[in-house]
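> Sharing a structure, written as structure tokens. Questions coming.
Read-outs: derived from the displayed coordinates by stated rules, not from any lab. The structure displayed is predicted, hence computed values, not measured ones. Glycine also receives a Cβ, built like all others from the backbone with ideal geometry; neighbour counts cover every protein chain displayed.
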Amino acid sequence: MKDDTTIRGLAHSETAHDSAIKHVTGRADYTDDLPEPQGLIHAYLGLSQCAHGRITGMDFTDTLAHPGVLGVLTAADLPGVNDVSPNGKHDDPVFAQDHVLFWGQPVFAVIAESRDQARRAAQKAQIEYEALPFALDPIAARDAGHDYVTDPLTLRRGDARAAMATAPRRIKGRFGIGGQDHFYLEGQIAMAVPGEDEDVVINVSTQHPSEVQHMVAHVLDVPSHSVVVNVRRMGGGFGGKETQMNLFACVAAVAAKRWNRAVKIRPDRDDDMIATGKRHDFVVDYEVGFDDDGHILAVDGDWYARCGFSADLSGPVTDRALFHADNAYFYPDVELRSHPLRTHTVSNTAFRGFGGPQGVIVAERMIEEIAYALGRDPYEIRRKNLYRNGQLTPYHQPVEDQILPRIFQELETDCDYHARRQAVLDWNAKAGVIRKGIALTPVKFGISFTATWFNQAGSLIHVYSDGSISLNHGGTEMGQGLNTKVAQIVAEAFQCDISRIKITRTTTEKVPNTSATAASSGSDLNGMAALDAAEQIKARLIDFVAERWQAPRDEVRFIPGHIRAGGQDVPFDEVIAAAYMARIHLSAAGFYKTPKIHWDRATGRGRPFYYFAYGAAVSEVSVDTLTGEYVIDRTDVIHDVGRSLNPAIDKGQIEGAFVQGAGWLTCEELWWDDKGQLRTHAPSTYKIPLASDRPRVFNVKLADWSENAERTIKRSKAVGEPPFMLGISVFEAINMAVASIGDYREPARLDAPATPERVLMAVNRLRG
């Protein structure tokens, strides 16, 4: 190994993603690329064709007669429990048994020699239903008297009703907020390989290997130690592989043990979109009280969520929507209520932001309403209502690290906001066909799992006798650069070149009981766990070096490529080789749990978040008022990631999050027909942003002066989710462009997504 004094890949440096070249050359191994064991067979799901009904008959005669078919799995064939619910409510079956609760619910699986044979055979099954009434959206479900899938939450501080009654001005409104499909490039997939006794190995695309292990063990009725789950990398997740993968892994495992052959299951894109959960749709009824200067005095609101047929993660998602209903603004008196309603649709699940965006955008809608009511620039109203340090959130956590005023000042100066807004107003005054809009919106986003027990992580480091290092942790790589960042942390700890470090696949065999790679906590948790393991090994090496080279312990230092012992600089390789010969233990398991956090859901009080991440964006758009079409002319972003672990990767995350957030609010629309069937289930009917939809000018800047006030890994901050909400600036800019039709006398009040159709209807409404 090299002993260079100039080393690459330390923390805070712009280090290339460890798989970047493999990604662009097609050499990165995903689950479908793994060598297939001899005798591999395939499973394919049979999905319901009814939104809500009683199963009155199942006939698999034609299915079983299809060439290559080995058999059919139904609920009766599962050795253990027929459930993959992530919350212990036992409301999420692998296969529907007596009733189907949404169009597309898995009812059975066909096992065949080839995927094509299994897929074609599944279409030949005859399932008969007695149709029952159904409700698809949250308001219809509420009106039909549907129950909640999980307990609702109320956040309360002060007396919102009393403050509202005395407020000089009040506005009420209803806001429809659409869902979103994850549209990961790599779809759901799992391959199960049976072993001896009760053993089974699952190779799967999942954000939560330990949960897959747990679910497979329960469905097979075996202990967790019999199930090994491996993840090398995912082709995207965005929350869609936090719980939704459980079912696919379980089906593959059951089939593998039943036929004693390796089994792969890979749905096509249509079935993947129909059978897996999305971002939660919301309908929000809000009321805001304010004074003549635009200061918010009181807020009251109800968040009605389309949760689907089961709870899944709807509890914490709808909780987080309320946690972020304030965004960056202080509400003196506030009461917020969630309504996680059961609907006859696929069970919605985690998605980047985890409910937070559906709270943030309502805060921005209220700011917009206030600004138009007073004839002010919404940015002015935003500045007036920003949190000051020491003020309490609706969940009674004090804000102590507010940096948005500085971000605002820097951003408005960098992008020349005020001059550009005036130019937009001047342009619109010409009353042409093309109208422009500009908006500056912030984000304040809490970082931690609100389920406190998930805020833990483990790692395992081996230093081999030649000085090379093997690193394993409980996080999963889905393209976001987690493995690269954790390797940089370890390289920094040992002061060695990052080329020495090999991050091995995530596996439940090495690090047990891990949390999902979600909640923007991947680097926070796993980075700290890896550092803990590295520090254990370093402590042993320091003791050994001090004794071997006769130097005081406090004078032993790790320096680039070497360890300094008094006046000697010993190459790292030499030290490691000597330590091995001296029988020094060169392996360590690391662990980390997030401090300070606590949350009492019953009272709606606590500190659910370790810290907040901040950012702001200015977006300018042009809208064609004859067609409703629009383009994003320019976006400027300043985002807070603390002391960035890897500025290049962080900027990429910010760019991707922004575009995905803008897509959610502009073009990505989910639509069900009157039979309850999701019709937007393929790229032909569901539009994600293209490269041509990105801002024409796109400037992204890190707040490089920021440093996390809390003791996070290298004083960095999370980056995965917070910048998603900066896409709201596009939505707000579109609203301004449309409002110009009515000379800004009233807001456009567009529901999301602001598709060209919705924009055109709003234009026509304002024209009268």
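> Over segment 266-381, what is the relative contact order in whole percent, taking alpha-carbon pairs under 8 Å and six or more residues apart? All intermediate terms of the calculation are to be shown ahead of the outcome.
On the way: 213 pairs, mean separation 35.7, N = 116.
Relative contact order, segment 266-381: 31 percent.
> Using Cα pairs under 8 angstrom and six or more residues apart, how large is the relative contact order of segment 138-209, in percent?
Computed value for segment 138-209: 15 percent relative contact order.
> What are the ³J(HN,Hα) values, in whole Hz, obtained from phi via the Karplus relation 6.51 cos²θ - 1.76 cosθ + 1.60 with θ = phi - 60°, for each residue of segment 663-677 in sequence order, with x given for Gly and Pro?
x, 4, 9, 10, 10, 8, 10, 9, 9, 9, 7, 6, 9, x, 8
> Got a sec to turn the phi values of segment 65-75 into Karplus ³J(HN,Hα) couplings, 6.51 cos²θ - 1.76 cosθ + 1.60 with θ = phi - 60°, whole Hz, x for Gly and Pro?
These are the phi-based 3J(HN,Hα) values: 7, 5, x, x, 6, 9, x, 10, 9, 10, 4 Hz.
> Could you tell me which label, among (i) 244; (ii) 162; (iii) 175, carries the value of volume of the Cα convex hull per residue in Å³ calculated for this structure?
Here the calculated entry is (ii).
> Something else: Contour minus end-to-end for Q536 and D292, with contour as 0.36 nm per residue of separation and end-to-end as the Cα-Cα distance? List each step's numbers first, then the result.
On the way: separation 244, 0.36 × 244 = 87.84 nm, distance 5.99 nm.
Residue separation times 0.36 nm, minus the Cα-Cα distance, leaves 81.9 nm.
> Tell me the net charge near A551. Cut-off is 14 Å between Cβ atoms, A551 excluded, with +1 for each Lys or Arg and -1 for each Asp or Glu. Can you show the working numbers first?
Details: positive: R548, R553, R557, R564; negative: D543, E547, D554, E555, D569.
Once positives and negatives cancel, what remains is -1.
> What list do you get for R306, R27, R8, R758 if you sort them by fewest beta carbons within 10 Å?
Working: R306 30, R27 10, R8 14, R758 20.
Ranked by crowding around the Cβ, least crowded first: R27, R8, R758, R306.
> For E14, what is the net charge nearby, where nearby means another residue's Cβ is under 13 Å from its Cβ and Lys, Arg count +1, Asp, Glu -1? Don't jump to the answer; show the numbers that get you there.
Numbers: positive: R8, K485, K651; negative: D650, D704.
Once all neighbours under 13 Å are counted, the net charge is +1.
> Excluding V700 itself, calculate the net charge of residues whose Cβ lies under 11 Å from the Cβ of V700, where each Lys or Arg counts +1 and each Asp or Glu counts -1.
Values: positive: K651, K701; negative: D636, D650, E655.
Net local charge, V700 excluded: -1.
> Between E555 and R54, with labels modelled 7 Å along Cα→Cβ, what's the label distance in nm to one decimal, could you check?
Those two pseudo-labels are separated by 8.7 nm.
> Got the relative contact order for the chain handy, in percent, Cα pairs under 8 Å and 6 or more residues apart? Each step should come with its number before you reach the end.
Numbers: 1928 pairs, mean separation 123.0, N = 768.
For the chain, the relative contact order is 16 percent.
> I'd like the projected area of segment 499-631, averaged over all directions, using the convex hull of its alpha carbons. Report it in nm² with one decimal. Provide the component values of the computation, followed by the final result.
Details: hull surface 66.0 nm².
So the Cα hull casts an average projection of 16.5 nm².
> Could you put I367, I713 in order, starting from the residue whose Cβ has the fewest other Cβ atoms within 10 Å?
Values: I367 27, I713 24.
If I rank by nearby Cβ atoms, fewest first, I get I713, I367.
> Quick one: P(r) of segment 79-157 from all Cα-Cα pairs, 10 Å bins, percents rounded to integers, in order of increasing distance.
Result, from short to long distances: 13, 32, 33, 15, 5, 2, 0 percent.
> Sort H681, H23, H99, H639 so the one with the fewest other Cβ atoms within 10 Å of its own Cβ comes first. List each step's numbers first, then the result.
Working: H681 20, H23 13, H99 17, H639 29.
So the ranking, lowest neighbour count to highest, is H23, H99, H681, H639.
> Can you give the helix-only mean residue ellipticity at 222 nm for the chain, where every DSSP H stretch with n ≥ 4 adds -39500 (n - 2.57) and the sum goes over all residues, rounded to the nearest 500 deg cm²/dmol?
Values: 19 runs with 221 residues, N = 768.
Computed ellipticity for the chain at 222 nm equals -9000 deg cm²/dmol.
> What whole-number distance in Å separates the alpha-carbon centres of segment 180-222 and segment 672-734?
Here the answer is 28 Å between Cα centres.
> Right, another one. Between G479 and residues 5 or more places away or on another chain, which pairs have amide H atoms under 5 Å apart, with H built 1.01 Å from N, and which residues are they?
M234
> Can you list, largest first and rounded to whole Å, the semi-axes you get for segment 260-413 by taking the square root of 5 times each eigenvalue of its Cα gyration tensor?
On the way: eigenvalues 264, 60, 44 Å².
The three semi-axes for segment 260-413 are 36, 17, 15 Å.
> What nm distance separates the two modelled labels at R376 and L132, each placed 7 Å from Cα along Cα→Cβ?
With each label placed 7 Å out from Cα toward Cβ, I get 5.2 nm.
> Shifting gears a bit: Suppose R0 equals 45 Å. What FRET efficiency, 1/(1 + (r/R0)^6) with r the Cβ-Cβ distance, do Q391 and K593 give to the nearest 0.05? Let's see the in-between values first.
Details: r = 28 Å, r/R0 = 0.62.
Once rounded, the FRET efficiency stands at 0.95.
> Using all C-alpha to C-alpha distances in segment 8-49, build P(r) with 10 Å bins and read off the rounded percent in each one.
19, 26, 24, 18, 11, 2
> Between rounded, prolate and oblate, where does segment 671-718 land on the alpha carbon gyration tensor, with a ≥ b ≥ c its root eigenvalues, rounded for a/c under 1.5, else prolate if a/b exceeds b/c?
Details: a/c = 5.46, a/b = 2.09, b/c = 2.61.
Because a/c hits 1.5 or more and a/b fails to exceed b/c, segment 671-718 counts as oblate.
> If you don't mind, another one. Can you grab the distance from the C-alpha centre of segment 318-333 to the C-alpha centre of segment 393-437, Å, no decimals?
20
> So what are the radius of gyration and Dmax for the Cα set of segment 699-768, in Å?
According to the Cα coordinates of segment 699-768, Rg and Dmax are 18.4, 57 Å.
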